[in-house]
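Q: One structure coming up, written as structure tokens, with questions to follow.
The values are calculated or read from the model by the stated rules, or taken from the named source; none is laboratory data. Not measured: the values here are computed from a predicted model. Don't worry about glycine lacking a Cβ; one is built from the backbone with ideal geometry, like all the others, and counts go over all protein chains shown. We work out accessible area using only protein heavy atoms, side chains counted, and drop any ligands, DNA or RNA first. Shrake-Rupley method; radii C 1.70, N 1.55, O 1.52, S 1.80 Å.
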Amino acid sequence: MDIQECIGKVVKIKYHVDDLEPVKQAHDSEWCDLRSAETVELKKGEYKVIDLGVSIALPDGYEAILAPRSSTFKKYGIIQTNGIGVIDYLYRGNDDRWGMPVYAIRDTVIHKNDRICQFRIQECQLPLHFLEVDDMEDESRGGFGSTDIK
């Protein structure tokens, strides 16, 4: 095993906001928490992209999956509007700031440095080549939503 495998991938990060808590990988976790870079007040029904205060240069061939923390909905009453976010390795310039698009289901305040989402880095999918067929050659499971229906 070489030294790069021992220490993991090197990821460049630029902070755009003073006194933002640094991004860290949680102990024994693949996920890294991200924080709001601003105090945000939202009224029920409002939409906003919350600034996460960072630009991150992912290694070539990798992408980040951005998702809410498990407590985000309960604590703040917001949902991430796109379910999850996918950030590719080409989004890496000085002004390519990461953000979390949210919709408020109640009036809420998110304070600067509140942990609101998390990300993990994974290898990008290999290129796919689709082959059109007339027969899938496998037994049907019953269609969408049919699991456990007898």
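Here's the yes/no breakdown for (1) assigned to a loop (DSSP other than H, G, I, E, B); (2) surrounded by 14 or more Cβ atoms within 10 Å (Cβ to Cβ); (3) not hydrophobic (A, V, I, L, M, F, W, C):
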position	(1), (2), (3)
Ser29	yes, no, yes
Leu34	no, yes, no
Ala37	yes, yes, no
Lys44	yes, no, yes
Val49	no, no, no
Ile56	no, yes, no
Asp60	yes, no, yes
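Q: Scan segment 54-70 and tell me whether some residue there is at pLDDT below 95 and among the polar types (S, T, N, Q).
A: Yes - at least one qualifying residue is present in segment 54-70.
Q: In addition: So which of Arg106, Arg115 ends up being modelled with pLDDT of 95 or more, over 17 Å from Lys24 (Cα atoms) and charged (D, E, K, R)?
A: Arg106
Q: A follow-up question, please. List the number of the failed condition for Gln25; all other conditions in (1) open to solvent by less than 40 Å² (accessible area, probe 1.4 Å); (2) within 20 Å of Gly8 (Cα to Cα) hold.
A: Against the list (1) open to solvent by less than 40 Å² (accessible area, probe 1.4 Å); (2) within 20 Å of Gly8 (Cα to Cα), Gln25 comes up short only on (1).
Q: Something else: So which residues in segment 45-71 are among the basic types (Lys, Arg) and within 16 Å of Val86 (Cα to Cα)?
A: Arg69, the sole residue that qualifies.
Q: Pull up segment 95-150, narrow it to residues that are aromatic (Phe, Trp, Tyr) and in a loop (DSSP other than H, G, I, E, B), then point me to the one that is least open to solvent (accessible area, probe 1.4 Å).
A: Here the answer is Trp98.
Q: Yes or no: segment 68-84 includes at least one residue that is open to solvent by less than 20 Å² (accessible area, probe 1.4 Å), part of a strand (DSSP E or B) and of a type outside the set (Ser, Thr, Tyr).
A: Yes: one or more hits.
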